[in-house]
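Undergrad: Quick one: the structure is below, and I'll ask about it shortly.
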Amino acid sequence: MKKIVVGFDTSNYTTSCAVFDGETGENRGQLLKVEPGKLGLRQSEALFSHVRALPEIADGLTLDGDIIAVGASTKPRETEDSYMPCFLAGSSQGAVLAKMLGVPFFGFSHQQGHIAAAAWSAGHMEILEMPHIAWHLSGGTTEILYVVPWKSAVKCEIIGGTSDVSAGQLIDRTGQLLGLDFPAGKELDRLSHKAVHRERYDMKLSGLTFSLSGVEHKMKQMLEKGADKAEVAYFSLDSIVSAVERITARALEKYGDLPVLYSGGVSSNSLLRERARGIFPAPEFATDNAMGTAILTYRAVNET
């Protein structure tokens, strides 16, 4: 019977479990319910929602093999001061499962999992064995990272990103103003393709850092003046993509001609994929998922 590992990830908006056997994997996820008109959940609400959702999600996994290890996302980043209560749902249940099965438990950061899932789904696992540049573009994080191999995983150094509003936040705030459901990424992407005039706005950069609050202000002004919804959608997305392109170019000038990997839900945006240089994950593994955690768990248990 083949050897498999189980991974958990309970981020701010998605509950997910995954199984991985070293080559193939299965991920099951469920988006947490957010009431219409709201832009997210409080940590207490997210934690409760994860605990309630995990049994149903785990029940649907195909456990065809011997479980040799369990892993989970335990915090947002791999730094000591990184903490978010919602990760307790997956990490605690993962630790208990490992104890009951008598197998090792491994904890990783949510960011490490994103990078592993992106590399695996893109067919570029070799990138985990070399220095590279990575973008983590999501509802709560917009960071450009210098990444190096570290044990069975990777170590990430934040070298730039947004100084205020994240890319995902701007997308969801734009979607809210346009009357779209949360999260708004997919619908805003579709709507932006209908734009004709496509107004541009290049924000000021400070090294490898940029601000999206000015884009948000400009976007609101466009709506107040009666701009077409498609034009507003394009303006918001184009501003993000333009900043990513310019920051990436600066990072490569500083760190050398390294591979560039994209991760996080915003990396599934079609405009970004058309224009940005780099390696992109399969769309289903761009958003929050437990596959990356399972992949890193498999690597870890086979190193011990």
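Undergrad: Is it possible to state the helix-based mean residue ellipticity at 222 nm for the chain, with each DSSP H run of 4+ residues giving -39500 (n - 2.57), the sum divided by total residues, to the nearest 500 deg cm²/dmol? What is it?
TA: Calculated mean residue ellipticity at 222 nm is -12500 deg cm²/dmol.
Undergrad: If you keep only loop residues by DSSP, which trypsin sites (Lys or Arg not before Pro) in the stretch 1-69 have at most 15 other Cβ atoms within 10 Å of their Cβ?
TA: For trypsin sites (Lys or Arg not before Pro) across the stretch 1-69 that sit outside H, G, I, E and B with at most 15 neighbouring Cβ atoms in 10 Å, the list reads LYS2, LYS33, LYS38, ARG42.
Undergrad: Can I ask one more? For the stretch 60-68, what does the Karplus curve 6.51 cos²θ - 1.76 cosθ + 1.60, with θ = phi - 60°, yield as ³J(HN,Hα) per residue in whole Hz, taken in order and with x for Gly and Pro?
TA: Karplus-based 3J(HN,Hα) across the stretch 60-68 equals x, 6, 8, 9, 9, x, 8, 6, 9 Hz.
Undergrad: Same structure again: Using the Cα centre of the stretch 7-86 as origin and beta-carbon charges of +1 (Lys, Arg) and -1 (Asp, Glu), tell me which of LEU41, ILE67, SER11 is placed farthest towards the positive end of the dipole.
TA: LEU41
Undergrad: Mind checking the per residue accessible area of the stretch 149-202 for me, 1.4 Å probe, whole number of Å²?
TA: On the way: 3020 Å² over 54 residues.
Value returned for the stretch 149-202: 56 Å² of accessible area per residue.
Undergrad: Something else: Please name which of ALA251, LEU128, LEU54 has its Cα lying farthest along the dipole of the chain towards the positive end, using unit charges on Cβ (Lys, Arg +1; Asp, Glu -1) and the Cα centre as origin.
TA: Selected residue: ALA251.
Undergrad: Right, another one. Using a 1.4 Å probe on the protein heavy atoms only, what accessible surface does VAL19 show? Give it in Å² to the nearest 10.
TA: 10 Å²
Undergrad: What are the GluC sites (Glu not before Pro) within the stretch 15-76 that DSSP puts in a loop, where the Cβ has at most 14 other Cβ atoms within 10 Å? Mind showing how you got there, number by number?
TA: On the way: sites: GLU23, GLU26, GLU45, GLU56; in loops: GLU23.
Here the sparse-neighbourhood loop sites are GLU23.
Undergrad: I need the phi-derived Karplus couplings for the stretch 264-278: 6.51 cos²θ - 1.76 cosθ + 1.60, θ = phi - 60°, integer Hz, Gly and Pro marked x.
TA: Karplus-based 3J(HN,Hα) across the stretch 264-278 equals x, x, 5, 6, 8, 5, 5, 5, 5, 5, 6, 9, 7, 7, x Hz.
Undergrad: Using each residue's phi in the stretch 196-212, evaluate 6.51 cos²θ - 1.76 cosθ + 1.60 at θ = phi - 60° and report the 3J(HN,Hα) Karplus result to the nearest Hz, with x for Gly and Pro.
TA: Whole-Hz 3J(HN,Hα) from phi for the stretch 196-212: 10, 6, 6, 5, 10, 8, 9, 6, 6, 10, 10, x, 9, 10, 9, 10, 9.
Undergrad: Something else about it: Which pairs, out of LYS75/LYS186; LYS75/LYS204; LYS155/LYS194; LYS186/LYS220; LYS33/LYS204; LYS155/LYS229, put more than 30 Å between their alpha-carbon atoms?
TA: With Cα atoms farther than 30 Å apart: LYS75/LYS204; LYS155/LYS194; LYS33/LYS204; LYS155/LYS229.
Undergrad: Within the stretch 27-112, what whole-number % of the accessible surface is contributed by carbon and sulfur, with the 1.4 Å probe and all protein chains included in the calculation? Write out the running numbers ahead of the final one.
TA: Working: 2660 of 4760 Å².
Carbon plus sulfur share of accessible area: 56 percent.
Undergrad: Please report the net charge: other residues with Cβ closer than 11 Å to the Cβ of SER91, K and R +1, D and E -1. If you can, show how the numbers build up before the last one.
TA: Working: positive: LYS75; negative: ASP9.
Taking every other residue near SER91 into account, the sum is 0.
Undergrad: Could I ask something else about it? Which helices of the chain meet both criteria: a Cα extent of 18 Å or more along the helical axis and a mean Kyte-Doolittle score no lower than -1.0, with helices taken as whole DSSP H segments?
TA: 43-59, 87-101, 229-255
Undergrad: Given H placed 1.01 Å from N in the peptide plane, which residues other than close sequence neighbours of GLY161 have an amide H under 5 Å from its amide H?
TA: ILE144, THR209, PHE210
Undergrad: Largest first, what is the accessible-area ranking of MET291, MET84, MET100 with a 1.4 Å probe?
TA: Most to least solvent-accessible, the answer reads MET100, MET84, MET291.
Undergrad: Which of (1) 14.2; (2) 16.3; (3) 15.3 is the computed mean projected area of the Cα convex hull in nm² for the structure on display?
TA: So the calculated entry is the one marked (3).
Undergrad: Rounded to the nearest 20 debye, what is the charge dipole size of the chain about its Cα centre when +1 sits on each Lys and Arg Cβ and -1 on each Asp and Glu Cβ?
TA: Details: 30 positive and 36 negative charges, 99 e Å.
Its charge dipole is roughly 480 debye.
Undergrad: Can you sort ASP228, ASP66 by solvent-accessible area, 1.4 Å probe, largest first?
TA: ASP228, ASP66
Undergrad: Could you give the Stokes-Einstein D for the stretch 157-304 in µm² per second, using the C-alpha Kirkwood radius, 20 °C, 1.002 mPa s?
TA: For these conditions, the coefficient is 130 µm²/s.
The values are calculated or read from the model by the stated rules, or taken from the named source; none is laboratory data. These figures come from a predicted structure and were not determined experimentally. Reconstructed Cβ throughout: ideal geometry from the backbone, glycine too, with neighbour counts over all protein chains shown. Note: areas computed on protein heavy atoms with side chains; ligands, DNA, RNA excluded. Shrake-Rupley method; radii C 1.70, N 1.55, O 1.52, S 1.80 Å.
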